[in-house]
Amino acid sequence: MAGGSYVFIMIKIKGMLNFLVIAIMLFMIALTAVFIYFSSQLKNKITFQFVQKTELVTELITRSVFDIISTGHDERKNAMIAAYGNVLGIEDIVIYKPDGEEVFGAASSAPRRIEKDEEEALKKAVAAMNNTGFFNWDSMTYSQYVLLRSEGACASCHKHENELLGVLKIR
């Protein structure tokens, strides 16, 4: 009989160990789920704040660009626009024609085409005739596209009021 009670105790201990392992696994899964939830919430909050700041800087730079180029276009004025690239967090300031060809860029002296992964955002902004943004998760950058239309002082060079002249991209 002593051997039978030993087996019974071993079975009882194994059952309790299995229960303990399952309980620990469930606790770890719950802890991981809570961590993932709060991480995603924090990521979304940080991304939202980043986008808001970029849009504010974009609005300020857009107004400055209109002030700078309202009396014409030249290299000195292009250099003034490029100087805004020194603002903390600004990687690139580019003005594209509506077809995606660069008119002015602060990052390089040779004209370039818009990057393939951002071409869709440019096309969407032009088609919708509205400003738009593009968040690149790979490089963790946000690009804002602002439509530049002829208005006010632009009418001295560009004859049609509210004509789409180009797209300002700030990354």
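The values are calculated or read from the model by the stated rules, or taken from the named source; none is laboratory data. Bear in mind that the values here come from a model prediction, so they are computed numbers and not experimental data. Positions of Cβ are backbone-derived with ideal geometry, glycine not excepted, and every protein chain shown enters the neighbour counts. With ligands, DNA and RNA removed, areas are computed over all heavy atoms of the protein, side chains included. Shrake-Rupley method; radii C 1.70, N 1.55, O 1.52, S 1.80 Å.
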Which members of region 83-118 meet the condition of being at pLDDT 75 or above, open to solvent by 60 Å² or more (accessible area, probe 1.4 Å) and assigned to a loop (DSSP other than H, G, I, E, B)?
-> Glu91, Lys97, Asp99
How many residues does region 120-130 contain that are touching a residue at least 24 places away in the same chain (Cβ under 8 Å) and either small (Gly, Ala, Ser) or within 11 Å of Lys169 (Cβ to Cβ) (or both)?
-> 3
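Can you tell me how many residues within region 119-134 are open to solvent by 80 Å² or more (accessible area, probe 1.4 Å), under 19 Å from the mean Cα position of the chain (by Cα) and either closer than 12 Å to Val167 by Cβ or at pLDDT below 70 (or both)? Can you show your working first?
Applying the first criterion (open to solvent by 80 Å² or more (accessible area, probe 1.4 Å)) to region 119-134 yields 120, 123-124, 127, 129-130.
From what is left, the residues that are under 19 Å from the mean Cα position of the chain (by Cα) are 120, 123-124, 130.
Applying the additional criterion that residues be either closer than 12 Å to Val167 by Cβ or at pLDDT below 70 (or both) yields 123-124, 130.
Of the residues in region 119-134, 3 are open to solvent by 80 Å² or more (accessible area, probe 1.4 Å), under 19 Å from the mean Cα position of the chain (by Cα) and either closer than 12 Å to Val167 by Cβ or at pLDDT below 70 (or both).
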Per the filter on region 1-27, residues open to solvent by 100 Å² or more (accessible area, probe 1.4 Å), modelled with pLDDT of 90 or more and of a type outside the set (Phe, Trp, Tyr) are Met25, Leu26
Restricting the search to region 28-41, which residues are at pLDDT 90 or above and among the small types (Gly, Ala, Ser)?
-> Ala30, Ala33
Residue list for region 135-171, restricted to those being open to solvent by 50 Å² or more (accessible area, probe 1.4 Å), farther than 18 Å from Ile95 by Cβ and either at pLDDT 75 or above or under 29 Å from the mean Cα position of the chain (by Cα) (or both) | Trp137, Asp138, Ser139, Met140
